[in-house]
1. Which of the aspartates and glutamates could a cross-linker bridge to B:K314, judged by Cα under 19 Å and excluding same-chain residues fewer than eight apart?
2. B:L16 accessible area, nearest 10 Å², 1.4 Å probe?
3. With each run of n ≥ 4 DSSP H residues scored as -39500 (n - 2.57), what mean residue ellipticity at 222 nm is computed for chain A after dividing by its residue count and rounding to the nearest 500 deg cm²/dmol?
4. Set the bar at 26 Å for Cα to Cα. Now go through B:K222/B:K280; B:K199/B:K330; A:K117/B:K280; B:K199/B:K222 and name every pair that lies beyond it.
5. Give the calculated FRET efficiency between B:R335 and B:I18 to the nearest 0.05, with a Förster radius of 30 Å applied to their Cβ-Cβ distance.
6. Rank these by accessible area, largest first, 1.4 Å probe: A:H184, A:H242, A:H88.
7. What's the FRET efficiency of A:Q157 with A:H184 using the Cβ-Cβ distance as r and R₀ = 30 Å, to the nearest 0.05?
8. Apply the Karplus parameterisation 6.51 cos²θ - 1.76 cosθ + 1.60, with θ equal to phi minus 60°, to every residue of segment A:87-102 and state each ³J(HN,Hα) to the nearest whole Hz, in sequence, with x for glycine and proline.
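The values are calculated or read from the model by the stated rules, or taken from the named source; none is laboratory data. What you are looking at is a predicted structure, and each value in this text was computed from that prediction instead of being measured. Because the Cβ atoms are built from the backbone with ideal geometry, glycine has one as well, and the counts that use them run over all protein chains shown. The area values use the complete protein model at the heavy-atom level, side chains included, leaving out ligands, DNA and RNA. Shrake-Rupley method; radii C 1.70, N 1.55, O 1.52, S 1.80 Å.
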Amino acid sequence: MRSFTSSPYFTSLITVFLLIVLLGAGGAAYPGFLSLQVLFNLLIDNAFLLVIAVGMSFVILSGGIDLSVGSVLALTTMICAWMLQTWHWPPVLVIAISLAIGTLFGAAMGAMIHYFKLQPFIVTLAGMFLARGLCYLISINSITIEDPLFVAMSQAQLSIADCFISPGALIAVGTLAVAIYVAHCTPFGRAIYAIGGNEQSALMMGLRVARTKVLIYAFSGFCAALAGVLFSFYMLSGYGLHAQGTELDAIAAVVIGGTLLSGGYGYVAGALTGVLVLGSIQTLIAFDGTLSSWWTKIVIGGLLFVFCVVQRVMTMRGNKK
Amino acid sequence: MHKLLHHPLFRPLAALAILLLVDLFMIPGFFHLEIKDGHLYGSLIDIANRAAPLILAAIGMTLVIATRGIDISVGATVAISGTVAAMLIGGTMVMENGVPSYVANTPMWIALAVAMGAALLCGAWNGVLVAGLGLQPIVATLILMVAGRGLAQLFTDGQIVTVYYQPFFFLGSGYLFGLPFSLFIVAAVFIVTALLLRKTALGLFIQSVGINPVAARLAGLKTASLIFFVYVFCAACAGVAGLMITSNIKSADANNAGLLLELDAILAVTLGGTSLAGGKFSLAGSVIGALIIQTLTYTIYSIGLPPEVNMVVKSVVVFLVCVSQSSEFKTIWRRAFSASVKGNA
């Protein structure tokens, strides 16, 4: 029993168990809750959060944190909307440009963190201010997107066995699959785990710490921008106030998914279970109808607390060995 | 001269001076002060008055950062204390025989005490998580940051609570001896904190915890209770700031009160020369840092730049300050500087 509770996948298993309990409770309380479509809706509504959480997983696994993701998401929706509505550029080019901007933004922060040995927390905090500020420089109002491709993407429904799923959700799942492969089957992924475990040792092992760290933040920026594109498919607008506080939701999802905040320990797949747990809490509260939305925040805070304490107890046990 | 240039407060003061100098030329009548109805009016007073909640938050944050910690739940604590005070004092308008009456629901002093109690509870919660359980400070305070606003909204049922009780407004917008009352509160908190740190060994203890927690503990310091104390203290400062903000806008908005205040407070502390790596700290520096931020905001608004520029400017300032503080940058700078000196010789 002892060895089971201290095994690496224990917290991840707790989350899966929690997810089953949440869905089971929902299914028992509300007829129609346990349908495949409700599960798909969880994915459709949280596709952008899943993509952000995937990028955040990489950052947290390496022992860092990225607070700028929510604002980069908002900035991307803004850039997309601006280029489409004002300049009428082709949508594919617009998407490519905004993904590139997000990636460069992340890479620049990564470079500052690594080369000036600054704390990721403060650098990405400034990045968060910068990206939000740039949103407002573009426009303080919401810009509606009327581009045919974006509208088509927002309305597209791919049917799978009587149910449907949005292209955005598929893109998110695809991103997750690629990220899982990269994290567990490539030298880059192993370098991330090594840096999160102990940066000094990783350096002495001859790993390319500098390149890896810059790439990690670049990847997180890319994910945030991709989430921004998905978000603009979803909302069909660009707005500087979009997705406020999403960085915290993403961190919460990663932690609840079983990744250790001190780095080097956890699974990228945990991002999916974490996001689904957050999503099903929201859906449960929406189905209930009597509970108000602020309960979501309180429950998420409570879950964060429980998971942090469990993680802490586990690492203390690990140290004693 | 050399000594002056290397004084820890030199850079923040110089930054503030440059800003004020810009204002002198850009904003007509910036330094003009006048007395209206026995109250002192002017841009400088306005800046100081508006900076008051930020200064309070920054004072609390300084001690937390000095122990190598961080408290990102300050904004949530502001929301909680403000909400509790607003609800107890007179959130609901009471109708008596069709006539609205604005009587405080609870005596104001009790309401203020309960609101401060709620803030202290928030601090104790953070303190237990960081000092007791040994969680990373950013994670421990993240929990309250996420859940705190939810709690505040739970108290108010998601409504904005309006206060209709005259004496409470004095806290945020009253005047004493011709000066805003909020400045007296800030001065009192600053003096008490400074005395506590200077006249007792507390400042030294906090500094040693920040420089090396393990060594401090081995040297016999009760590091856990010290760390617990700084989080409670920070929450207390945030609580007072929450009361001030609520009294100033005559209502408590659980969703927006103190939003991003923690980030501004961290920025103020950094600008004031306190290192985020813990150890060395400067209380006066943080106050100056908060004044710099408020002056910057005021300047941007007055010059006629769109207010949106504010966030961009702030973030660029953070980048510059952080890079200039890093030892890597100093090494590069020194190398470049000594090379040019050699070149000249």
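1. Result set, ordered by chain and number: A:D66, B:D23, B:E262, B:D264.
2. The value for B:L16 is about 30 Å².
3. Values: 15 runs with 235 residues, N = 321.
It lands at -24000 deg cm²/dmol.
4. B:K199/B:K330
5. Values: r = 27 Å, r/R0 = 0.90.
According to the calculation, E is roughly 0.65.
6. Working: A:H184 80, A:H242 15, A:H88 135 Å².
My answer, sorted largest first, is A:H88, A:H184, A:H242.
7. Values: r = 32 Å, r/R0 = 1.08.
E between A:Q157 and A:H184, to the nearest 0.05, is 0.40.
8. With coefficients 6.51, -1.76 and 1.60, one gets 9, 6, 6, x, x, 5, 5, 4, 4, 4, 5, 5, 5, 5, 4, x Hz.
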